[in-house]
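First the structure, in the form of structure tokens, and then the observations on it.
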Ligand SMILES: [Cu+2]
């Protein structure tokens, strides 16, 4: 089925391309068109597409903007039960606080030197969430972790020759309030 679909798309595309070649060769036989005649048409066409595409982009942007989840995510998701400060530096992570599955965890992530990428992987090795670690800024990553176990924090942005060794084990317990259980 997919093979026939691909063949159909290819044939339609090839036919369309062939038509373009025929039209171009016919137009080229007429000889050069005087520049002022072409320029006027081209400028009008350019102006039309500028406003048409600009209008479409503005409409899409204004329609989609209220649905961007990031700005209100922390408020809408309710208060976090656990707050953890994370600081990245070449080439290690420092993390204070305990992390559990009993509520939302608010990771407040910053960097002590260059940009890093804070990435949290679950015990199966799947990426659970990630946020930039930037010097001078604190970015928040709010997560509800579903399973306890040994997670891994990895750096997801190249930060120097030791980047590949910048990872840390993070034990996630079944705590409800970030206590030490
Ligand atoms: Cu790195």
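Coordinate-derived values only; no laboratory data. What you are looking at is a predicted structure, and each value in this text was computed from that prediction instead of being measured. Backbone-built Cβ (ideal geometry, glycine too); neighbour counts: all protein chains shown.
Of the residues 169, 87, 39, the one that moves most in a GNM of the chain with alpha-carbon contacts below 10 Å is 39.
Give the angle, between 0 and 90 degrees and rounded to the nearest 10, that separates the Cα long axis of helix 2-29 from the longest principal axis of the Cα atoms of the chain. Long axis of 2-29 versus the principal axis of the chain: about 40 degrees. Just check the stretch 2-67 against the gyration tensor rule for me: Cα atoms, a ≥ b ≥ c as the square roots of the eigenvalues, rounded for a/c under 1.5, and otherwise prolate or oblate depending on whether a/b exceeds b/c. Oblate shape, in that a/c is at least 1.5 and b/c is the bigger or equal ratio.
What is the calculated FRET efficiency for residue 5 to residue 61, with r their C-beta to C-beta distance and R₀ = 45 Å, to the nearest 0.05? The formula returns an efficiency of 0.85 here. Under the simplified labelling scheme, the residue 15-residue 127 pair shows an inter-label distance of 4.2 nm, with each label point 7 Å from Cα along Cα→Cβ. Label the stretch 73-173 by shape, choosing from rounded, prolate and oblate, from the square roots a ≥ b ≥ c of the eigenvalues of the Cα gyration tensor; if a/c is under 1.5 it is rounded, and otherwise prolate applies when a/b is larger than b/c, oblate when it is not. Note, shape of the stretch 73-173 comes out oblate. For the chain, the 222 nm mean residue ellipticity estimated from helices alone, with every DSSP H stretch of n ≥ 4 adding -39500 (n - 2.57) and the total spread over all residues, rounds to -12500 deg cm²/dmol. Between residue 27 and residue 81, the distance separating the two model label sites (each 7 Å from Cα on the Cα→Cβ line) works out to 6.6 nm.
In what sequence do 67, 151, 158 fall when counting other Cβ within 10 Å, fewest first? Can you show the working numbers first?
Values: 67 6, 151 20, 158 13.
Arranged by neighbour count, lowest to highest, 67, 151, 158 become 67, 158, 151.
The stretch between residue 165 and residue 146 holds 4.2 nm of extra length on full extension. This uses 0.36 nm per residue minus the Cα-Cα distance.
Can you put 126, 163, 116 in order of Cβ neighbours within 10 angstrom, beginning with the fewest?
Details: 126 8, 163 17, 116 30.
Placing the least packed residue first, the sequence is 126, 163, 116.
Counting other C-beta atoms within 10 Å, which of 19, 175 has the fewest, and how do the rest follow?
Numbers: 19 10, 175 19.
With the sparsest Cβ surroundings first, the list reads 19, 175.
Helix 35-64: angle to the longest alpha-carbon principal axis of the chain, degrees 0 to 90, nearest 10? That helix lies at roughly 30 degrees to the long axis.
Under the definition of Cα pairs under 8 Å and six or more residues apart, what whole-number percent is the relative contact order of the stretch 73-173? Walk me through the numbers before you get to the answer.
Details: 259 pairs, mean separation 28.5, N = 101.
Once divided by the residue count of the stretch 73-173, the mean separation gives 28 percent.
The relative contact order of the chain, computed from alpha carbon pairs under 8 Å that lie at least 6 residues apart in sequence, is 18 percent. From the alpha carbon centroid of the stretch 138-167 to that of the stretch 5-58 is 49 Å.
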